[in-house]
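See structure below.
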Amino acid sequence: MRAEWLQDKVLKCPAYGEDFSTIYKIQCPMVTLRFTEAEMMALRLVNFWNPGSIGLTVPTVSLVKKATEKVIGELFTWYKDNGVADAATRMGNVLLLLLEHIPNHMKNLYEAVKLIPTFGVMYEWDSFMTDLLKT
């Protein structure tokens, strides 16, 4: 089983490049930590509510921060309700994924989306994405 997985990785890495490498770097700690559905949803929500550098207004940034804090608080409550032994350490390990690997993955996705208009067939999609990222 491990040999098949390694062979699959060796074949896909050159084909998919940095995207595959980044996803692999995110996936390994998730498997090691035995990520739960609650942790996956929290990670997605924290990532979604990341204001990044898209030019949000000060009130909107404040709302985004409150939403992120609520997600983290809910995850911590979920840990306590489900008897997770060392909730603070577990939460730290989950959130470290955001600091270490998720930004690279988001950068790769952004770069892929930026390529769409270069195909010359999706100008309306480019306009939609530009408007979406400005708001």
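Taken together, the values in this text are just the output of simple stated rules run on the coordinates, not laboratory data. Keep in mind that what you see is a predicted model, and the values were worked out from it rather than measured. Counting neighbours? That spans all protein chains shown, and the Cβs are built from the backbone with ideal geometry, glycine included.
Listing for the model above:
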| item | result |
| --- | --- |
| Förster radius 30 Å - calculated FRET efficiency between E111 and K70, Cβ distance, rounded to 0.05 | 0.45 |
| Peptides 33-45, 56-68 ordered by average Cβ neighbours within 10 Å, highest first | 33-45, 56-68 |
| Spin-label pair A38/K25, simplified geometry with 7 Å Cα→Cβ offset, distance in nm | 3.0 nm |
